[in-house]
Amino acid sequence: MGRLLLVSHRPIDQAGGPAARWRSFAKHLPALGWEVDVVSGGGGDEFASPERAQSRAKLMEAIGRIAAPPFRLLGMRPEAMPLSTAWAPRGAWEVRRRLRERRYDAVLATGPPFAALVAARLAHGDVPLVVELRDLWAGNPAFDRGGPVLRRLESWVVKRAAAVIAVTPEAADDLRRRHPHARVEEIPNGFEPELLERRRPSSGTTIFHSGTLTKDRPLAPLLRVLKPPLRLVLHGYVAPEIQAEIDESVAEVEIVPPSGWEDAVERVAAADIALVTQSRGAGDETAVAAKVYEYLALGKPVLCITHGGATEMLLQRLGTEQLVARLDNPASIEQALDRVLTVDLPQPVAIAALKAYERPQLAAQLAEVLGSWS
């Protein structure tokens with residue numbers, strides 16, 4: 001058995017969607033020859049109760065507003081270095097302790113939160129380091145405003161990495177361009193195979209969004225043209241800017257507090273249409289929201305409202321039209337909604353086309369990367 005030390009500020013046993021990828025990989029890797037130990041920031045499960053998840057999101061939103069002006073001077077957004085960044089020295093200390101006590105064949109740091117990358121870079125020593133960027137850090141408008149700090153920090157991390165993992169082809173290409181000497185591998189977010197067994201027919205008028213809605217995931221273009229009998233259900237934290245858009249709208253909108261992954265999946269399965277809304281400020285050129293894979297696995301028609309980018313490219317690769325519209329083109333949104341009203345819905349993506357995105361397959365890809373030097 002190879003031994004992998006995973007460094008993740010977020011505990012992977014949390015119930016929420018953000019930990020789902022590594023909850024799954026940690027379950028599948030032992031059968032592929034890799035034992036997984038975890039160094040994490042610990043703490044309670046923020047998704048154990050809707051109130052806890054909601055309170056944390058509100059706190060981080062408030063801190064971000066206060067910190068925005070000084071961060072702007074540094075050429076980045078507060079989201080690039082949240083409060084969790086302070087964990088990096090303690091995380092590095094724990095990584096060193098683990099490496100003294102046991103032999104490991106690789107250290108893998110996953111982010112965001114990016115504190116794990118810094119901790120692992122400080123402490124991995126002679127053990128091969130794998131850096132996983134589930135979202136890009138430098139160059140990503142969700143974090144970067146064009147200053148030099150993130151570019152230098154990312155270069156410092158990547159320079160010592162035996163491999164860098166991205167989760168979309170667009171992100172992998174971006175990393176190869178900026179780090180031409182790095183070994184960059186693409187391993188998508190994917191989904192759990194059992195979701196394919198939970199497919200249900202879609203024929204109703206409920207549009208469902210699962211996950212956090214920040215100001216970079218705008219609703220106003222949809223709300224302006226959303227009329228009965230269509231209704232919108234938002235499952236997760238809603239930022240004040242998005243709440244203001246809802247308050248100014250006459251559309252029927254229901255907000256459901258955040259919850260754990262299992263409950264979220266059941267809500268998606270029961271919905272009629274799944275919504276993706278993502279602007280350039282959320283990094284949509286290189287990022288695909290993790291929920292998109294679950295929407296498709298559950299057979300949901302996807303209403304995708306973006307400026308283009310990685311999500312649209314994924315749908316094209318899968319050979320599915322879905323309900324694609326542009327944030328800056330109201331007519332395209334109206335046309336998509338007309339298809340919902342007339343039940344002219346795209347067929348579920350073929351199961352065979354989704355096979356490559358099943359998490360056991362992706363865990364095997366990761367095991368192959370880890371085994372290439374051990």
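The values are calculated or read from the model by the stated rules, or taken from the named source; none is laboratory data. The model shown is predicted, which means the values in this text are computed figures rather than measured ones. Using ideal geometry, Cβ is built from the backbone for each residue, glycine included, and neighbour counts are taken over all protein chains shown. Please note that ligands, DNA and RNA were not included when accessible areas were found on the heavy atoms of the full protein model with its side chains. Shrake-Rupley method; radii C 1.70, N 1.55, O 1.52, S 1.80 Å.
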* Asked: Residues of the stretch 335-369 being surrounded by 15 or more Cβ atoms within 10 Å (Cβ to Cβ) and farther than 16 Å from VAL167 by Cα, which ones?
  -> ALA336, LEU337, ARG339, VAL340, LEU345, PRO346, PRO348, VAL349
* Asked: Name the residues in the stretch 71-91 that are in a loop (DSSP other than H, G, I, E, B) and touching a Phe, Trp or Tyr at 6+ places or on another chain (Cβ under 7 Å), would you?
  -> ARG77
* Asked: Can ALA251 be described as in a loop (DSSP other than H, G, I, E, B) and under 22 Å from THR306 (Cβ atoms)?
  -> yes
* Structure fact -> Result of the Cβ filter at 6 Å on the stretch 316-334, keeping first residues that are within 11 Å of VAL349 (Cα to Cα) and partners that are open to solvent by less than 70 Å² (accessible area, probe 1.4 Å) and among the small types (Gly, Ala, Ser), at least 6 apart or interchain, is LEU318/ALA353
* **ARG77 open to solvent by 30 Å² or more (accessible area, probe 1.4 Å), touching a residue at least 60 places away in the same chain (Cβ under 8 Å) and touching a Lys or Arg at 6+ places or on another chain (Cβ under 9 Å)** => no
* Asked: In the stretch 155-213, what residues are within 19 Å of the chain's Cα centre (by Cα) and among the hydroxyl-bearing types (Ser, Thr, Tyr)?
  -> THR168, SER210, THR212
* For the stretch 207-216, indicate whether the set of residues that are assigned to a loop (DSSP other than H, G, I, E, B), of a type outside the set (Ser, Thr, Tyr) and open to solvent by less than 20 Å² (accessible area, probe 1.4 Å) is non-empty. => no
* To do: Could you check, for the stretch 219-236, whether at least one of its residues is of a type in the set (D, E, K, R), open to solvent by 10 Å² or more (accessible area, probe 1.4 Å) and assigned to a helix (DSSP H, G or I)?
  => no
* Which numbered condition THR286 misses (of (1) out of contact with any helix residue (DSSP H, G or I) (no Cβ under 6 Å at 6 or more places or on another chain); (2) polar (S, T, N, Q); (3) in contact (Cβ under 8 Å) with a residue 12 or more places away in the chain) -> (1)
* Structure fact -> Checked against (1) at pLDDT below 95; (2) farther than 24 Å from ALA92 by Cβ; (3) under 18 Å from the mean Cα position of the chain (by Cα), GLU51 satisfies every condition except (3)
